[in-house]
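The values are calculated or read from the model by the stated rules, or taken from the named source; none is laboratory data. Everything numeric in this text was worked out from a predicted model, so none of it was measured. Don't worry about glycine lacking a Cβ; one is built from the backbone with ideal geometry, like all the others, and counts go over all protein chains shown. These area figures cover heavy atoms from the full protein model, side chains too; ligands, DNA and RNA do not enter into them. Shrake-Rupley method; radii C 1.70, N 1.55, O 1.52, S 1.80 Å.
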Amino acid sequence: MPETNGQTNGQHYVGTRQVRPDGVDKVTGRARFGADFNLPGQLIGRVLRSPHPHARIISIDTSKAEALPGVKAVVTREDFADQSSEFIPAGEMMMNYKDVVRNAMAREKALYEGHAVAAVAATSTAVARRAVKLIEVKYEILPHVIDVVEAMKPGAPLLHDDLFTVGVEPKPDKPSNIAKRIEIKVGDVEAGFKKADVIVERLFKTAPVHQGYIEPHAALATVSEDGSTELWTTTQGHYIVRAHCARLLGLDIGKVRVTATEIGGGFGGKTVVYLEPLAIALSRKAKRPVKMVMSREEVFKASGPTSGATVWVKMGATKDGKFVAGAAELKYQAGAFQGSPVQPGTMCAYAPYDIEHVHVIGYDVVSNRPKVAAYRAPGAPISEYAVESVVDEIAKKLRLDPIELRMMNAAREGTKAAYGPKFGPIGLEETLNAIKKSEHWNTPLRKWQGRGVASGFWFNIGGETTVSLTVNEDGTISLMAGTPDIGGLRASLSSVVADELGVPYDKVRPIIGDTGSLGFNFLTGGSRSAFSGSMAIVEAAKQIKADLIARACKLWEAKPDQVEFSGGAVKPLGALAEKVKPMTIADFAKTAGKTGGPIGGIGRINAQGAGPSFGTHLVDLEVDPETGRATILRYTVAQDAGRALHPAYVEGQYQGGAVQGIGWALNEEYIYGDDGKLQNAGFLDYRMPVASDVPMIDAILVEVANPRHPYGVRGVGETPIVPPLGAIANAMENATGIRFTELPMSPPKVLKALKEKGLNKA
Amino acid sequence: MRYEAPESLEGAVALLAGAKGEARVLAGGTDLLVQMRADVVDPELIVDIKKIPETRTVTEEKGGWRIGAAVTGAELKEHTRLKQAWPGVVEAANLIGSTQVQGRATLGGNLCNGSPAADSVPALIAAGALASLAGPKGRRDLPVEDVMLGPRKLALTKGEIVVSFLLPPRPARSSDAYLRFIPRTEMDIAVVGAGVSLSLDAGGTITAARVSLGAVAARVLLVSEAAQAIIGSRLDKAAQDRLEAAARTACRPIDDKRGTIEFRTDVAAVLSRRTALIALDRARAN
Amino acid sequence: MAKHHIEATVNGDPAEFLCETEDTLLDVLRDTLDLTGSKEGCSSGDCGACSVMLDGRLVCSCLVLGCEVGGRKIETIEGLAKGESLHPLQRRFLEAAALQCGICTPGFLVASKALLEKNANPSEHEVRFWLAGNLCRCTGYDKIVTAVMDTAAAMRKG
């Protein structure tokens, strides 16, 4: 464990399982999520959405809707100024305001079924629903394209006539659906393949999947006559929402105050705006608050799932198991506007391994589906599914243990990743060892049972973070953080505050501040909130401790080297100790006015030094050969947390990500008809794992400290979803002898493959 | 939208027969409310039948069982003697949806929703259940297999409602079973459903059987060839193979988001066999 | 069409409200009675976030009409704790970190309480299948299932 830079009372709380301070409200139903907020006099907003996957919008007639009693405002593309092209970071992806405004409200074209075309605000949900039906839109229906390979073909229906592929030479003179081509190249893969004793080459296909948060999007906006706007929204990044809304609505950022409500799941899907600009525009027009909540169907049809993709992978290894070359080509759907996670997919594909020659090409391709939003380690599960599957095949061909093979090639401290940076201390090997030593790995299997292992990686980010610590008059500490708490953050941060200042855990009260109360925070994403928040707390605590030392020195007429801060108090040292008694934080708090005024600290950082988190997953499953149904029998996750601020919430990330991966691997997919319309826009037929589908998920916390963080913390939230796809595909191969290169591995596909080999008998 | 909760059958029939616009019966609401919220149906009149005693009781009748159309799956599960006599019917009703859904869902609603994938219907058909209907012209009985004619198409006339189901008396050494295939372990609509009811003689030979398949055609099928395949046998391998073949032949499924034609046909065969084996085990124990 | 005037018992107290025919019990709880603890995840009975007890039976309130509940007894998440005492399930969920974002938690607590009232010693299998109608996307169910079983054990000890 690294020494922290601050002085602490011996780290009582960090690393222990405290009850989260916001917990009681969550188990009593008192906590208020997005749809739980109401304002007197509010109107209900609803959206008219395109029924067509691709159509030019010829005209929109809202007159009948406006005439309906109870309707107070209607907005369309006319109410949103066009935006010039400008790329901005959104989580770990980039987006363009020209696209953002068009995604929020269609302009020239409807680009997917579900695309917002108009919105109304009315005195009740019933009136709003009726009003939406009265809006008449003339569409010129255009041919559509969904599949990424189809969308890349010349002659495919074109979504944007001003989209020219970036990253190809010579620059194309014809627009296409290929927004971008990217490439990372190290060494010479052709030379590498020549040195290989075994080469495996495979083509993989994955379907679009949704983050599946249980809480639909919700926003409540109220705009005053002078343009001051207040917004409550369920979001992972209220400062980003503020920026987007200010830009789209032409408002000063300072005039927009956004409160992040409690959030019922995000996983990256709530890092963008959907309802917020609409609610604000409607409120501005109606001069009343407007509340908007998406239905589940709207969530599936109109919010951003992740890409479906086609991935080609070719790897070569020597007969001893050394990887000599890794090539890949990734084709990712971006949805209606550019910006799929093909870049991180490209970066992560081979990142767990030290390979001399690497060449990965990625394509960002638009198609007539909702614009993709981030989904937990965006891009990486797809590319690493492909690579981990091929690694498994290499292990089989070489008759090597799949863990040994990975160990032989594992990235370590000092390895230069293909995408650029040199790794500091990392924990991949430790996770592989943890799996190898586990009871799970050493338990025998029966017929039709299979075991699979896979590793995965996410680079994690830091980013701009502001945190405020206030010492209240009774010595309790108020913590205001600015990254919405999606899964226990307040517990982890409170432990850090308690240890930094040497106060009891229950004397720390955390809240997530709104944009008007606290300086800028980048959104909760990139596995950054505990990492950056704790770093910023250390800064804020330093300020408080320095302040208290200064006050003590003044009071005691002492010099700084005669005092120290420890155990929650300023203590006199040496001879001074005979003259004066220590003063606790509470003591200072009581007389703060007399010694200089309010006591507090603000940590304002752009957190650097985020350490990557590696994980290895192990899964056993059993296949029913007569039906193709796979049952997950046992699952173990080993992942490097650097330092687990709160072990239970770190385990929770491992377990939750693993189960999302199980769903992605076995049953989840967007199913489109030939008409380009989504057939399974509900929880009935979009099949996420239920409690009876999964076993206990054993979570092994590996801790290889991140030397660039005062507590050694690494972000942990995203890596857990990266290994499951490969691990489960590998287990299926182990159980059936069949390599499945298409996800999900749903029963009809599995049974068909078993039948083709004559294996569909018990 | 009007809501009425009549306390008599005559009242309910009169309301439905006299409805000018779209009228719907409300029992558990687990289909109706979902369809209303999705704008699939916009009824002018909702007739809640749960206050009509005949729809809410489970009674023994002439050696058989009469189950009210608005008795919930959860209530059926708690009925020990019914469960003993008809474990297949009760387990089928308790596969619908979730625990929460079973707290509301009813056999009547499950049948009258008109979905060929309904879980309880193959079990009721295999059991030889009779649906008791009440309408403007009076009462009549229909075998359950004749009630659902196709997706959302029922043999009911205007104003007619399903009041109850009569399960026939059970000879000794009889039992039933229901299995369905779903991709997850719960919560899915059946991709294939199989209901089997059978009776054995003292030597263990099958003397009577009924086999019903759901989600493999436009209506829930009563597959007499499948029953013939196993009657007179002890469900040995040859009989099982005949059963599977008959199930395959009877299937007329579609490709949809839940399964392909090939998949449904294959699984119908497998499930018929597995369900028959369970029913056989249970019958032996009886 | 005039609204329905309904009198029912909610969490032990008399409750009176007006509703349209098409309003679900969930709509009434959240929008009319200001009991926002029950959540709307899907409105199709597939996620369990709106779980309540109706006359002692676990149901999805999105699948019950408001106008059906006249004279009936409804128990929601808001009625689980008694005064300042949390129900053992609530306490155990907190201690065991059996929630992350918390949106599914009210539904799980109501459903788990219903299970333990029926079966004081459920196996892991029984817990998972009873709770299959409650979707959670954050936890992977592990800590929820453990919390329910631990609470069952603790409650059996008395």
Next on the checklist: Can you say whether C:Leu63 is more than 28 Å from A:Pro647 (Cβ to Cβ), buried (at least 21 other Cβ atoms within 10 Å of the Cβ) and of a type outside the set (Val, Ile, Thr), as far as the supplied structure shows?
Outcome noted: yes
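Have a look at A:Gly414, A:Gly339 and point out the one that is assigned to a loop (DSSP other than H, G, I, E, B), surrounded by fewer than 24 Cβ atoms within 10 Å (Cβ to Cβ) and either touching a Lys or Arg at 6+ places or on another chain (Cβ under 9 Å) or in the same structural domain as A:Thr524 (by TED's automatic domain parsing) (or both).
On the way: A:Gly339 fails: surrounded by fewer than 24 Cβ atoms within 10 Å (Cβ to Cβ).
Answer to the check: A:Gly414.
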Next on the checklist: Among (1) in contact with a Leu (Cβ under 9 Å, 6 or more places away or on another chain); (2) at the interface with another protein chain (Cβ under 7 Å from one of its Cβ atoms); (3) not hydrophobic (A, V, I, L, M, F, W, C), there is one condition C:Arg128 misses while meeting the rest; what is its number?
Outcome noted: (1)
Item to check | Candidate set: segment C:1-41, residues that are polar (S, T, N, Q) and over 20 Å from B:Leu32 (Cα atoms); chosen: the one least open to solvent (accessible area, probe 1.4 Å) | outcome: C:Ser38
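Within segment C:143-158, which residues are surrounded by 16 or more Cβ atoms within 10 Å (Cβ to Cβ) and free of Cβ contacts under 8 Å to residues at least 60 places away in the same chain?
Passing the criteria: C:Lys143, C:Ile144, C:Val145, C:Thr146, C:Ala147, C:Val148, C:Met149, C:Asp150, C:Ala152.
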Checklist entry - Taking into account only those residues within segment B:132-148 that are in a strand (DSSP E or B) and over 13 Å from B:Lys158 (Cα atoms), which is most open to solvent (accessible area, probe 1.4 Å)? => result B:Arg139
Item to check | Residues located in segment A:582-621, provided they are hydroxyl-bearing (Ser, Thr, Tyr) and either out of contact with any helix residue (DSSP H, G or I) (no Cβ under 8 Å at 6 or more places or on another chain) or open to solvent by less than 30 Å² (accessible area, probe 1.4 Å) (or both) | outcome: A:Thr584, A:Thr591, A:Ser613, A:Thr616
Checklist entry - From the residues in segment B:1-24 that are within 13 Å of chain C (Cβ to nearest Cβ) and outside any loop (DSSP other than H, G, I, E, B), which one is most open to solvent (accessible area, probe 1.4 Å)? => result B:Arg2
Checklist outcome for this item: segment A:445-544: strands (runs of 3 or more DSSP E) wholly inside it with 3 or more residues that are within 15 Å of A:Gly717 (Cβ to Cβ) are A:449-458
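Conditions tested, residue by residue: (1) touching a Lys or Arg at 6+ places or on another chain (Cβ under 6 Å); (2) more than 7 Å from every other protein chain (Cβ to nearest Cβ).
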{"position": "C:Thr36", "(1), (2)": "yes, no"}
{"position": "C:Gly41", "(1), (2)": "no, no"}
{"position": "C:Asp46", "(1), (2)": "no, no"}
{"position": "C:Met53", "(1), (2)": "no, yes"}
{"position": "C:Gly71", "(1), (2)": "no, yes"}
{"position": "C:Pro88", "(1), (2)": "no, yes"}
{"position": "C:Cys101", "(1), (2)": "no, no"}
{"position": "C:Thr105", "(1), (2)": "yes, no"}
{"position": "C:Val110", "(1), (2)": "no, yes"}
Checklist entry - In segment B:100-131, what residues are more than 14 Å from B:Gly29 (Cβ to Cβ) and open to solvent by 20 Å² or more (accessible area, probe 1.4 Å)? => result B:Ser115, B:Pro116, B:Gly128, B:Leu130
Next on the checklist: Can you tell me which condition A:Tyr670 does not meet? The list is (1) without any contact (Cβ under 8 Å) to a residue 60 or more places away in the chain; (2) closer than 30 Å to A:Thr306 by Cα; (3) part of a loop (DSSP other than H, G, I, E, B), and all the others hold.
Outcome noted: (1)
Next on the checklist: Looking at (1) away from every other protein chain (no Cβ under 11 Å); (2) assigned to a helix (DSSP H, G or I), which one does B:Arg252 not meet, given that it meets all the others?
Outcome noted: (2)
Checklist entry - Does segment C:131-142 include one or more residues that are open to solvent by less than 10 Å² (accessible area, probe 1.4 Å), of a type in the set (Gly, Ala, Ser), away from chain B (no Cβ under 11 Å) and without any contact (Cβ under 8 Å) to a residue 40 or more places away in the chain? => result yes
Next on the checklist: With the requirement that a residue be within 12 Å of chain C (Cβ to nearest Cβ) and in a loop (DSSP other than H, G, I, E, B), what does segment A:645-667 give you?
Outcome noted: A:His646
Item to check | Meets criteria (closer than 30 Å to C:His125 by Cβ, in a strand (DSSP E or B), touching a residue at least 60 places away in the same chain (Cβ under 8 Å) and open to solvent by 20 Å² or more (accessible area, probe 1.4 Å)) for B:Leu179 | outcome: yes
Checklist entry - Here are some conditions: (1) within 22 Å of A:Glu183 (Cα to Cα); (2) surrounded by fewer than 24 Cβ atoms within 10 Å (Cβ to Cβ). A:Glu393 meets all but one. Which one does it not meet? => result (1)
Checklist outcome for this item: Screening B:Leu45, B:Leu95, B:Leu32 for residues that are in contact (Cβ under 8 Å) with a residue 24 or more places away in the chain, under 27 Å from A:Ser295 (Cα atoms) and open to solvent by 30 Å² or more (accessible area, probe 1.4 Å) leaves only B:Leu95
Item to check | Test for B:Thr185: is it touching a Ser or Thr at 6+ places or on another chain (Cβ under 6 Å) and more than 22 Å from C:Leu135 (Cα to Cα) | outcome: no
